[in-house]
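Worksheet: the structure to be examined is printed underneath.
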Amino acid sequence: MEKHLQVIPSELEIIKQDFEKRSSELGKKIDELEKEKMRLGLDVDIHKLEAEKLRKGKNKAERDLNNLKADYKKLRLSIRTASLGKTSEQWRQEIKEEKNKADQWEKKF
């Protein structure tokens, strides 16, 4: 009868085996979740780097735009100061006036 009793696992042994099996399954699941967490952490780091790169690019583009606007204002002021900002009609009129002056001088001499 002792042989027969040793072959049949006790209720405690069955519970222990179930616990170890469940513990092993949960351990594997924890490992999988930790790997997933690591992968997601790397994804987040990559997205942060990409966002920072885009932010820097945007800031540079805004600085460049502001510099271009300032240069454009300076150029417009220079053109006005040098009287180069005349329309075609204004240039034609000025040329006509200068030709008339030249003709008058030619007639005098």
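Just so you know, all these numbers are worked out from the coordinates, no wet-lab data involved. None of these values were measured; they are calculated from a predicted model. Here Cβ is always computed from backbone atoms with ideal geometry, including for glycine, and neighbour counts include all displayed protein chains.
Could you pull out the residue among Leu26, Leu75 that is within 30 Å of Ile95 (Cβ to Cβ) and more than 21 Å from the chain's Cα centre (by Cα)?
Details: Leu26 fails: within 30 Å of Ile95 (Cβ to Cβ).
When all the criteria are applied, what remains is Leu75.
Within the stretch 74-94, can one find any residue that is of a type in the set (Ser, Thr, Tyr), outside any helix (DSSP H, G or I), on the phi < 0 side of the Ramachandran plot and free of Cβ contacts under 8 Å to residues at least 40 places away in the same chain?
Taking the stretch 74-94 first, the residues of a type in the set (Ser, Thr, Tyr) are 78, 81, 83, 87-88.
Subsequent filtering for residues that are outside any helix (DSSP H, G or I) retains 83, 87.
When the remaining residues are screened for being on the phi < 0 side of the Ramachandran plot, the result is 87.
Then drop every residue that is not free of Cβ contacts under 8 Å to residues at least 40 places away in the same chain, which leaves 87.
Looking for residues that are of a type in the set (Ser, Thr, Tyr), outside any helix (DSSP H, G or I), on the phi < 0 side of the Ramachandran plot and free of Cβ contacts under 8 Å to residues at least 40 places away in the same chain, one finds at least one in the stretch 74-94, hence yes.
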